[in-house]
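*Asks:* A single structure is presented below for examination.
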Amino acid sequence: VQLQASGGGLVQAGGSLRLSCAASGRTFSSYVMGWFRQAPGKEREFVGSIKWSGGSTYYAESVKGRFTISRDNAKNTVYLQMNNPKPEDTAVYYCAVALRAIAGKSESEYRYWGRGTQVTVSS
């Protein structure tokens, strides 16, 4: 399994940015894809997740209403649309896959991880 996150960069507060996570190596239709982030000096935290089947999503309170996760089954790609980002959203963002139909926000539930992509939000 390989996960490739991309799309990070510098964005102004109040702008928008879209991250992508391309998955390969197996069929993911029964699994959950998650996004996590780690800010400097802080522990990695859950951002949100999506079920490949059905597309239901789950978000951390800190990003709810601003970030949206979606997926393109044909491309085996999951997206994190970041609208109205804030400086406190600055972090390295990671995508991960949980090899189960239901997963929460714990890192231990996610089996495979991609390399992170840096997002910097300027004020």
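*Asks:* Between SER30 and GLN4, take the C-beta separation as r, use R0 = 25 Å, and let me know the FRET efficiency to the nearest 0.05. Before the final figure, lay out each step's value.
*Replies:* Numbers: r = 21 Å, r/R0 = 0.83.
Efficiency at R0 = 25 Å is approximately 0.75.
*Asks:* At 1.306 mPa s and 10 °C, plugging the Kirkwood radius over alpha-carbon pairs of the chain into Stokes-Einstein gives what diffusion coefficient in µm²/s?
*Replies:* On the way: Rh = 14.1 Å.
It diffuses with D of about 113 µm²/s by this estimate.
*Asks:* Separate question: Number of Lys-Lys pairs in the chain under 23 Å by Cα, sequence gap 8 or more or different chains?
*Replies:* Eligible lysine pairs with Cα atoms under 23 Å apart amount to 9.
*Asks:* Using alpha-carbon pairs under 8 Å, 6+ residues apart, how would you state the relative contact order of the chain in percent? Provide the component values of the computation, followed by the final result.
*Replies:* On the way: 312 pairs, mean separation 44.2, N = 123.
Over the chain, the number comes to 36 percent.
*Asks:* Determine the gain in length on full extension of the stretch LYS42-GLN118; use 0.36 nm per residue of separation and subtract their C-alpha separation, reporting nm with one decimal. Write out the running numbers ahead of the final one.
*Replies:* Values: separation 76, 0.36 × 76 = 27.36 nm, distance 1.45 nm.
Full extension of this stretch gives 25.9 nm more.
*Asks:* Send over a whole-number figure in Å² for the accessible area per residue of the stretch 1-101, probe 1.4 Å. Numbers along the way, then the final one.
*Replies:* Numbers: 4920 Å² over 101 residues.
Dividing the accessible area of the stretch 1-101 by its residue count gives 49 Å².
*Asks:* Here is a further query. To the nearest 20 Debye, how big is the dipole of the chain about its Cα centre, given +1 on the beta carbon of each Lys and Arg and -1 on that of each Asp and Glu? Walk me through the intermediate numbers first.
*Replies:* Working: 15 positive and 8 negative charges, 52 e Å.
Roughly 240 debye, rounded to the nearest 20.
*Asks:* Relative to the present Cα-Cα distance, how much length would full extension add between SER62 and ILE102 at 0.36 nm per residue of separation? Can you show the working numbers first?
*Replies:* On the way: separation 40, 0.36 × 40 = 14.40 nm, distance 2.14 nm.
Taking SER62 through ILE102 to full extension adds about 12.3 nm, to one decimal.
The values are calculated or read from the model by the stated rules, or taken from the named source; none is laboratory data. These figures come from a predicted structure and were not determined experimentally. FYI the Cβ positions are ideal-geometry reconstructions off the backbone, even for glycines, and counts take in every protein chain you see. The protein model used for the area step is the full one, side chains on, heavy atoms only, and it has no ligands, DNA or RNA in it. Shrake-Rupley method; radii C 1.70, N 1.55, O 1.52, S 1.80 Å.
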